[in-house]
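Below you'll find the structure, written out as structure tokens, and then a few comments.
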Amino acid sequence: MEQRLKSISKERYTWHNATSNVQVTPLRFFYPANAKDIADIVHDAEQRGLRVKAVGSGHSFSEAAAGKDYLLSMKKMGNVTLTPKSALKENHRQKHLVSIEAGIILKVLNEKLDALGLALPNMGAVDFQTVSGALLTGTHGTGMHQPAFPDMVRSMKLVGTGGELLQIEPTDGMTDPAAHQQQSSLKLIQDDTIFHSTVLSFGAMGILYEITMEMKPSFWLKEKRYIRPWKELREDLLNGKFMDLVENTDFVAFRVNPYPVKGVHTCAIVEQRIVSEAEKPKGFFALRRNIISDIFGNIEYLIESTIRQMNRNPVNAGKTINRALNATKDISFFGKSFQVLYQSGLAVIRHGISSEFAFDAGGAKIVEVLEHIFAQADTNAENGKLYQTAHVPVRFVPPSKAFLSSAYKRKTMYIDVPLLHNTIGDFEILERYQEMMISLGGVPHWGKVNNKLYERNDFVKSQFKDWKLWSDVRKKLDPKGTFLNDFVVKMGLI
Ligand SMILES: Cc1cc2nc3c(=O)[nH]c(=O)nc-3n(C[C@H](O)[C@H](O)[C@H](O)COP(=O)(O)OP(=O)(O)OC[C@H]3O[C@@H](n4cnc5c(N)ncnc54)[C@H](O)[C@@H]3O)c2cc1C
């Protein structure tokens, strides 16, 4: 092995994901600093018949990031630049295109974009993921008209088999092929099928080193969070009022307590509307999220003590969840988009774990699924002495073009079942929910706990109608299987 490759790698270094439920000790763990390093790693691996995989922040609870041979951390690659216009087609020059190196974490990306007067159109509830990790498992936020990560991408640069540098775009992509030929040595592929496969592929088609995404000019959001009893919300879900709110509000989500307290399942609604900076409300508190929920989410000790408390006295789970939901009430919080879209606390990094499921968006379906969750929570308590330790969030996402997106070509709602990791029966509860949600047609999120899909390859294939196109593209781009990994095989996507 070349000296440079030795100097940027460690032999048999043990990597684990953030929650430590996935751990691997690959042959070599690399820290590439540029595309050439990655190309050399791929060359070296292919000469030895080894596989290559990259990791982001390790915030997937699933095995999506595990790799046994050569594993690459992308953390040294974090530059952000406005995309040069010289090779762009005329009709793309006015867009807010930004080229982002794959290893940057979203928190830093948000700061850099803000300095450029730009912002991500949407993001998930946290910002610890890398941009490539978030993209490659289909990370979403909420908002029926706000794209998930794969649908913000306009162009991707990858190191493919043989160490070849590829630039992949949709058929009518942003780059002018003639200008590209004069200015770049990368192989330009403009093809919808290849693009919509690669954009959500768990790194199974090559190592992504730069992504061009379309941003929005910086924007401000006003958020309110309020409490409603399930009975009322249920009625509005069935009569269409709530889905109208979802359609007509920029970002909406809600959270439900799976346990009734005094006969009532408490729901907390979050509405976020785009407003101009001039509408900024007066006063210190309007510019801060509810201080209690802020503190609770960020102090590890408080979460750890809740875990201890829940393990000692799990039957109180419903009351504890109610207290947490009530503590998040907020009449108004105003801030920059990324400050408001960030919904969680730092403490969830190590202590949160979940399975999340996608369904066709619709009020009646939400009622059906949530009432199954309530019944399952009762069954878990009665026949397993198992109690879940968090509320159930419901979010909304527009149709996606990515073949392996669980929102592929349909308006989608995501129903999440988060838990505090290391509470009694954590993974057993998630297995029970996976079985139940799959039986209702719920498609598990690639980045969340989804091991039940390993036994249900038939379900995977039936839910992702164009999985075969994806699989064919994978084989075409990766004929030697260099980027293949156990996750793809176990999911039956080969
Ligand atoms: C607390 C918490 C909250 C979350 N909230 C949300 C949410 O609101 N919405 C949502 O949809 N998801 C959410 N998730 C899931 C999370 O966004 C995804 O699992 C995401 O993939 C994690 O990104 P990462 O950078 O940690 O990537 P990793 O988990 O490290 O990797 C993800 C995948 O990308 C591949 N990969 C990463 N970088 C590269 C690269 N450069 N080239 C090739 N392959 C690469 C990996 O091999 C792996 O297959 C949450 C997770 C946590 C822990």
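Bear in mind that the values in this text are calculations on the coordinates, not laboratory data. In this text the structure is predicted, and so the values were computed from the model without any measurement. Positions of Cβ are generated from backbone atoms using ideal geometry, with glycine treated the same way; all protein chains shown enter the neighbour counts.
By the scheme Lys and Arg +1, Asp and Glu -1, what is the net charge of all other residues having a beta-carbon under 15 Å from that of residue 175? List each step's numbers first, then the result.
On the way: positive: 85, 89, 93, 95, 154, 157, 187; negative: 90, 169, 172, 176, 191, 192, 210, 214.
The answer is -1.
Just the Kirkwood number for the stretch 103-148, please: inverse of mean 1/r across all distinct Cα pairs, in Å, one decimal. It would help to have the intermediate numbers written out before the result.
Values: mean 1/r = 0.0918 Å⁻¹.
Hydrodynamic radius (Kirkwood, Cα pairs) of the stretch 103-148 is 10.9 Å.
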Cα centroids of the stretch 433-473 and the stretch 348-381: how far apart, whole angstrom? 16
For the chain, what's the relative contact order in percent, using C-alpha pairs closer than 8 Å and at least 6 residues apart? 17
Given labels modelled 7 Å from the Cα in the Cβ direction, how far is it in nm from residue 13 to residue 304? 2.7
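I need 265, 351, 16 ordered by Cβ neighbour count within 10 Å, fewest first. Numbers along the way, then the final one.
Values: 265 25, 351 20, 16 13.
Result, fewest neighbours first: 16, 351, 265.
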Assigning unit charges at the beta carbon (Lys, Arg +1; Asp, Glu -1) and nothing else, what dipole magnitude in debye, to the nearest 20, does the stretch 220-455 show about its Cα centre? 600
Total charge dipole magnitude, the stretch 110-229, about the Cα centre, Cβ charges on Lys, Arg, Asp, Glu only, Debye to nearest 20: 560
Treating only Lys and Arg (+1) and Asp and Glu (-1) as charged, each at its beta carbon, one finds that the chain has a dipole about its Cα centre, in Debye to the nearest 20, of 620
Provide the FRET efficiency to the nearest 0.05 for the residue 36-residue 424 pair, computing r from the beta carbons and using R0 = 51 Å. 0.55
No solvent, one uniform scatterer per C-alpha: report log10 I(q)/I(0) for the chain via the Debye equation at q = 0.08, 0.10, 0.13 1/Å, two decimals. -0.48, -0.76, -1.29
With the label point 7 Å along the Cα-to-beta-carbon line of residue 1 and a cut-off under 20 Å to each amide N, the hits in the stretch 72-88 are 72-77
Selection from 183, 33, 374, by position along the positive dipole direction of the chain (Cβ): 33
If one takes the longest principal axis of the Cα atoms in the chain, at what angle in degrees, from 0 to 90 and to the nearest 10, does the Cα axis of helix 317-327 lie? 80
Angle in degrees between helix 467-477 and the longest Cα principal axis of the chain, rounded to the nearest 10: 30
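Give the relative contact order (percent, whole number) for the stretch 176-293; include only Cα pairs under 8 Å separated by 6+ residues.
Working: 93 pairs, mean separation 30.5, N = 118.
Dividing the mean separation by the residue count of the stretch 176-293 yields 26 percent.
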Given Cβ charges of +1 for Lys and Arg and -1 for Asp and Glu, the option among 344, 212, 148 whose Cα lies farthest towards the positive end of the dipole of the chain is 344
Around residue 155, which amide H atoms from residues at least 5 apart in sequence, or from another chain, sit under 5 Å from its own amide H, with H modelled in the peptide plane? 212
Sorted by Cβ neighbour density within 10 Å, fewest at the top, the residues 379, 198: 379, 198
Between 251, 230, 389, whose Cα lies farthest towards the positive end of the dipole of the stretch 220-455 when Lys and Arg beta carbons carry +1 and Asp and Glu beta carbons carry -1, centred on the Cα centre? 251
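How long are the semi-axes of the equivalent ellipsoid of the stretch 220-455, taking √(5λ) for every eigenvalue λ of the Cα gyration tensor, in whole Å from largest down? Don't skip to the end; give the middle numbers.
Details: eigenvalues 145, 106, 60 Å².
Each semi-axis is √(5λ); the values are 27, 23, 17 Å.
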Rounding to the nearest 10 and keeping the result within 0 to 90°, find how far the Cα-based axis of helix 35-48 lies from the longest principal axis of the chain. 80
Over the stretch 29-116: Rg over Rh, Cα atoms, Kirkwood Rh: 1.07
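Tell me, 199, 348 in order of fewest to most beta-carbon neighbours within 10 Å?
Lowest count first: 348, 199.
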Computed ³J(HN,Hα) along the stretch 91-105: with the Karplus parameters 6.51/-1.76/1.60, θ = phi - 60°, integer Hz and x for glycine or proline, the list is 6, 10, 6, 8, 6, 8, 9, 10, 9, 10, 5, 5, x, 5, 8
Under 8 Å for C-alpha pairs, at least 6 residues apart: give me the relative contact order for the stretch 350-494, rounded to a whole percent. 29
Under 5 Å between amide H atoms, partner at least 5 residues away or on a different chain: which partners does residue 118 have, H built in plane at 1.01 Å? 218
Output the antiparallel fraction of DSSP beta bridges having both residues in the chain, as a percent to the nearest 5. 85
